[in-house]
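*Asks:* For reference, the structure I am asking about is given below.
The values are calculated or read from the model by the stated rules, or taken from the named source; none is laboratory data. The structure displayed is predicted, hence computed values, not measured ones. Methodologically, a virtual Cβ is constructed for each residue, glycine included, from the backbone with ideal geometry; neighbour enumeration extends over all protein chains shown.
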Amino acid sequence: MASAQLHCPTFRLRALQSDDVNIRDKRTIGEQIRSGFRLAGWVLLTLAFISLVLASTAFLVGKGNHTQPIYRLLGVCGLLATSIAMFITVRRWAKWFVGVLGYMILKLGVSLLLGRTPSVPSIARPRLVFLEFLVALVFALLLCARYLTYPPRRSETLGLVGLVIALSFSVIYDSGLPIFAGAAVLGTIQLTHRRRRVRTTSGFLAP
């Protein structure tokens, strides 16, 4: 009897329509399409923003053929504009930045094991180079992980924006030192806030 019910088309239809197992999206097709377009728009906007930051950094340091003063001026203006935009919208991207750091750490871990990048085409590099970037990014991730639970303060936002800019310099210079410098600044800001909070708490508890 149970076997007959399982093979009955009516029973299958009722099972799919039950309240306990409802795998259908309650949004209309139009809403799903608009949601997809919004997501694609945010992805394209993010990629364009990253490209602008990297291009501005390359102009500022005179990378390649961009050695004329006009390029350096464009680089300064680009980095200033993107920094202001990141400072204003930090609540929107801080958590995503933590995810980006985690993704980069994962790729560097694979590169460290293989001795080459997992990208296509693959690039062979000394493992010490991968290790340098890996340590720098892990340091940055440990500092930024706290922003998964609460938004950064104003001074921390400055340090976080500085860390993003430092990351772009690391990409252009192909060195982990800018990341270390940016993470050190952010860590100093966080440590200062902790000390102030401890002093304030001690002052309230004092007789």
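*Asks:* Within the range 116-130, identify whether any single residue is within 20 Å of the chain's Cα centre (by Cα), at pLDDT 95 or above and within 21 Å of residue 180 (Cα to Cα), and answer yes or no.
*Replies:* Checked the range 116-130: no residue is within 20 Å of the chain's Cα centre (by Cα), at pLDDT 95 or above and within 21 Å of residue 180 (Cα to Cα).
*Asks:* Right, something else. What about residue 175, is it hydroxyl-bearing (Ser, Thr, Tyr), surrounded by 13 or more Cβ atoms within 10 Å (Cβ to Cβ) and either touching a Leu at 6+ places or on another chain (Cβ under 7 Å) or not in a helix (DSSP H, G or I) (or both)?
*Replies:* yes
*Asks:* Every residue in the range 97-128 that is without any contact (Cβ under 8 Å) to a residue 12 or more places away in the chain and hydrophobic (A, V, I, L, M, F, W, C), please.
*Replies:* Within the range 97-128, 100, 106, 110, 113, 114, 120, 123, 124, 128 qualify.
*Asks:* Moving on. Does residue 43 qualify as being surrounded by fewer than 11 Cβ atoms within 10 Å (Cβ to Cβ) and among the β-branched types (Val, Ile, Thr)?
*Replies:* Judged against the criteria, residue 43 is a match.
*Asks:* Across the range 110-136, what is the total count of residues that are part of a helix (DSSP H, G or I), in contact with a helix residue (DSSP H, G or I) (Cβ under 7 Å, 6 or more places away or on another chain) and surrounded by fewer than 14 Cβ atoms within 10 Å (Cβ to Cβ)?
*Replies:* If we filter the range 110-136 for residues that are part of a helix (DSSP H, G or I), which is where we start, we get 110-114, 127-136.
Still in the list and also in contact with a helix residue (DSSP H, G or I) (Cβ under 7 Å, 6 or more places away or on another chain): 111-112, 127, 130-131, 133-134, 136.
After this cut, where a residue has to be surrounded by fewer than 14 Cβ atoms within 10 Å (Cβ to Cβ) as well, the list is none.
Of the residues in the range 110-136, 0 are part of a helix (DSSP H, G or I), in contact with a helix residue (DSSP H, G or I) (Cβ under 7 Å, 6 or more places away or on another chain) and surrounded by fewer than 14 Cβ atoms within 10 Å (Cβ to Cβ).
*Asks:* Looking at the structure I just gave you, is residue 150 surrounded by fewer than 18 Cβ atoms within 10 Å (Cβ to Cβ), of a type in the set (Phe, Trp, Tyr), over 26 Å from residue 62 (Cβ atoms) and at pLDDT below 95? So that I can check it myself, show each step before the final result.
*Replies:* On the way: surrounded by fewer than 18 Cβ atoms within 10 Å (Cβ to Cβ): yes; of a type in the set (Phe, Trp, Tyr): yes; over 26 Å from residue 62 (Cβ atoms): yes; at pLDDT below 95: yes.
The answer is yes for residue 150.
*Asks:* Output the residues belonging to the range 50-75 that are over 20 Å from residue 174 (Cα atoms) and surrounded by fewer than 16 Cβ atoms within 10 Å (Cβ to Cβ).
*Replies:* Listed by number, the residues that qualify are 68, 69, 70, 73.
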